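Undergrad: Just dropping this structure here.
The values are calculated or read from the model by the stated rules, or taken from the named source; none is laboratory data. Everything numeric here is computed off the predicted structure, so don't read it as measured data. Note: ideal-geometry Cβ built from the backbone for every residue, glycine included; neighbour counts use all protein chains shown.
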Amino acid sequence: MNPAGKPGKQGALMPVEEALERLLAMAGSAPILERERLPLAAAQGRVLAEALISSLDLPPWPNSAMDGYALRLEDWRGEPLPVSQRIFAGQAPEPLQPGTCARIFTGAPVPAGADCVEMQENAQVQDDQRVLFSEPLQLGQNIRPQGQETTVGEEVLAAGTRLGPIEQGLAASLGCAELEVVRRVRVAVLSTGDELVEPGQPLGPGQIYNSNRVVLCSWLQRLGCEVLDAGILPDDLAATRQRLAELGEVDLILSTGGVSVGEADFLGIALREEGELALWKLAIKPGKPLTFGHFRGVPVIGLPGNPASTLVTFALLARPYLLRRQGVQQVQPLSFQVPAGFVWPQPGNRREYLRGRLENGQAIIYRNQSSGVLRSAAWAEGLVEVLEGRTLVQGDRVNFIPLSEVLD
Ligand code: AMP
Ligand code: MG
């Protein structure tokens, strides 16, 4: 068995955890500090800039969880009780008259003096309109206490929480019409490669269509970023320098391609000249080479150009980096262990992220795991993680990262 991260020809490979740790440390030291106030409905996908503190008790008063009758337990002695008031949701009740019950509906405030609610199914209305409760009653039953969800002054959502429908709902329930969020991260997307042509154009000899551009632009939009599409960069040093210099104010330059140590790594050369550059060889497959650097102070992440490599490195490294820049703490996708529905006889020295699916509770993988095959990911529901040095037989447990966890 290969030891994890066994040194290759060009030195030791950097473990995925270490690359992530370094990226997150750099993201943490360059947080986006500007904020904006947005209407609640526009805050979807954004990150809370300050904790959401409850200004209310929720619910503000004890209310009924059932359609039924509110009464005082003490008054229940096996005799029917007269109904002294009817309370609908949205009404303010009178205090309960001793020795009576109140007709009450779900969500209506429980009148002062009542301490339990019996559901209407367990209540028999007599001919004289008095109500008999035949089942045993318990103190507090079917009453949602005041403040059961939250009380005044409590932190309901922490700063750095990403806002989705549920968080928006919570804010709405507290009466917030606007939320203070971190401004969008501005990301310039560059596709590098002389071979690239945009869809809609004719393909010349040796050319392929640029797929990474739309993958990253649309993904970044889903992540709540402001995307500056910087087009295709030819494999040429002067053009690279010029294009980088022309990019307006952005928080990150994200490029694909040209990061292998090949001769066409003009991005690397430009960064070395006008900033700094780290070239990492990661113990990850697909996607070994990754660039991290700065161009005139602006962070640059260079992802490998093969479509599946771009996908995996964006999902596992660039996405967490972007979230951390916005102050998100929980940047790692949720994953779970499932039995492998495939065999893996050859241990590798890189951690593999196979494009896979769940079938009958087992992970199965796409037949072609080439880093050039984006269809593997379109077919897949998740990434199946196979650790360095591991072999697998059917039924061995593997980590499964649902793509839905990383796509937005
Ligand atoms: P590179 O990292 O530039 O050596 O590219 C690695 C492989 O990915 C090559 O086969 C490229 O043609 C391909 N590739 C690079 N960029 C893109 C892109 N934007 N869209 C599709 N394929 C790409
Ligand atoms: Mg290239």
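Undergrad: Condition (residue is surrounded by fewer than 21 Cβ atoms within 10 Å (Cβ to Cβ) and on the phi > 0 side of the Ramachandran plot) applied to the range 261-272: is it met by at least one residue?
TA: no
Undergrad: Determine which member of the set 291, 313 is closer than 13 Å to residue 19 by Cβ, modelled with pLDDT of 95 or more and outside the structural domain of residue 397 (by the TED database).
TA: 313
Undergrad: Here's something else I'd like to know. What about residue 229, is it out of contact with any His (no Cβ under 6 Å at 6 or more places or on another chain), among the charged types (D, E, K, R), over 14 Å from residue 304 (Cα atoms) and not assigned by the TED database to the domain that holds residue 42? Outline the logic, then answer.
TA: Working: out of contact with any His (no Cβ under 6 Å at 6 or more places or on another chain): yes; among the charged types (D, E, K, R): yes; over 14 Å from residue 304 (Cα atoms): yes; not assigned by the TED database to the domain that holds residue 42: yes.
Yes, satisfied.
Undergrad: Considering only the range 358-382, state which residues are in a strand (DSSP E or B) and touching a Gly at 6+ places or on another chain (Cβ under 7 Å). Even if it seems obvious, please write down each step before you answer.
TA: Step one: filter the range 358-382 for residues in a strand (DSSP E or B), giving 358-359, 362-365, 382.
Across the range 358-382, the qualifying residues are 359, 362, 363, 364, 365, 382.
Undergrad: Among the residues of the range 220-239, are any crowded, with 22+ Cβ neighbours inside 10 Å, modelled with pLDDT of 95 or more and of a type in the set (Gly, Ala, Ser)?
TA: No, because not a single residue in the range 220-239 is crowded, with 22+ Cβ neighbours inside 10 Å, modelled with pLDDT of 95 or more and of a type in the set (Gly, Ala, Ser).
Undergrad: Follow-up. In this structure, does residue 365 turn out to be surrounded by fewer than 23 Cβ atoms within 10 Å (Cβ to Cβ) and modelled with pLDDT of 95 or more?
TA: Criteria met by residue 365.
Undergrad: Mind listing just one residue for me: the one in the range 185-203 that is within 16 Å of ligand 2 (Cβ to nearest atom) and either free of Cβ contacts under 8 Å to residues at least 12 places away in the same chain or over 29 Å from the mean Cα position of the chain (by Cα) (or both) and, of those, surrounded by the most Cβ atoms within 10 Å (Cβ to Cβ)? Reasoning before the result, please.
TA: Narrowing the range 185-203 to residues within 16 Å of ligand 2 (Cβ to nearest atom): 189-198.
Subsequent filtering for residues that are either free of Cβ contacts under 8 Å to residues at least 12 places away in the same chain or over 29 Å from the mean Cα position of the chain (by Cα) (or both) retains 193-198.
On the way: 193: 19, 194: 15, 195: 17, 196: 22, 197: 16, 198: 12.
Checking each candidate, the answer is 196.
Undergrad: Is it fair to say residue 211 is out of contact with any strand residue (DSSP E or B) (no Cβ under 6 Å at 6 or more places or on another chain), within 16 Å of ligand 2 (Cβ to nearest atom), among the polar types (S, T, N, Q) and over 30 Å from residue 158 (Cβ atoms)?
TA: Yes; evaluated as a whole, the condition is true for this residue.
Undergrad: Go through the range 255-272 and report how many residues are at pLDDT below 90 and either acidic (Asp, Glu) or within 10 Å of ligand 1 (Cβ to nearest atom) (or both).
TA: Going through the range 255-272 one residue at a time, the tally reaches 9.
Undergrad: Going through the range 206-219 one residue at a time, which ones are hydrophobic (A, V, I, L, M, F, W, C), without any contact (Cβ under 8 Å) to a residue 40 or more places away in the chain, near ligand 1 (Cβ under 10 Å from one of its atoms) and surrounded by 15 or more Cβ atoms within 10 Å (Cβ to Cβ)? Before the answer, list the steps.
TA: Taking the range 206-219 first, the residues hydrophobic (A, V, I, L, M, F, W, C) are 208, 214-217, 219.
The next check asks that each one be without any contact (Cβ under 8 Å) to a residue 40 or more places away in the chain; those that pass are 208, 214, 217.
Applying the additional criterion that residues be near ligand 1 (Cβ under 10 Å from one of its atoms) yields 208, 214.
Of everything in the range 206-219, just one residue is hydrophobic (A, V, I, L, M, F, W, C), without any contact (Cβ under 8 Å) to a residue 40 or more places away in the chain, near ligand 1 (Cβ under 10 Å from one of its atoms) and surrounded by 15 or more Cβ atoms within 10 Å (Cβ to Cβ), namely 214.
Undergrad: Restricting attention to the range 296-308, and to residues there that are surrounded by 23 or more Cβ atoms within 10 Å (Cβ to Cβ) and over 13 Å from residue 371 (Cβ atoms), which single residue is nearest to ligand 2 (Cβ to nearest atom)?
TA: 302
Undergrad: Conditions: (1) crowded, with 17+ Cβ neighbours inside 10 Å; (2) farther than 30 Å from residue 53 by Cα. Residue 126 meets all but one. Number of the miss?
TA: All conditions are met except number (1).
Undergrad: Just for strands (runs of 3 or more DSSP E) wholly inside the range 8-113: which have at least 1 residues that are surrounded by fewer than 16 Cβ atoms within 10 Å (Cβ to Cβ) and touching a strand residue (DSSP E or B) at 6+ places or on another chain (Cβ under 7 Å)?
TA: Passing ranges, in order: 35-39, 83-87.
Undergrad: What tally of residues in the range 40-55 results from selecting those that are under 22 Å from residue 319 (Cα atoms) and touching a residue at least 40 places away in the same chain (Cβ under 8 Å)?
TA: The initial filter retains those residues of the range 40-55 that are under 22 Å from residue 319 (Cα atoms), namely 42-50.
From what is left, the residues that are touching a residue at least 40 places away in the same chain (Cβ under 8 Å) are 43-50.
Total satisfying the criteria: 8.
Undergrad: Among strands (runs of 3 or more DSSP E) lying entirely in the range 120-178, which contain 2 or more residues that are in contact with a strand residue (DSSP E or B) (Cβ under 8 Å, 6 or more places away or on another chain) and farther than 25 Å from residue 41 by Cβ? Reasoning before the result, please.
TA: Working: elements: 123-125, 131-133, 155-157.
Filter on the range 120-178 gives 123-125, 131-133.
Undergrad: Pairs only if they're at least six apart or on different chains, beta carbon under 7 angstrom, first in the range 166-184 and touching a residue at least 24 places away in the same chain (Cβ under 8 Å), second in a helix (DSSP H, G or I) and buried (at least 18 other Cβ atoms within 10 Å of the Cβ); list them, first residue then second.
TA: 179/171
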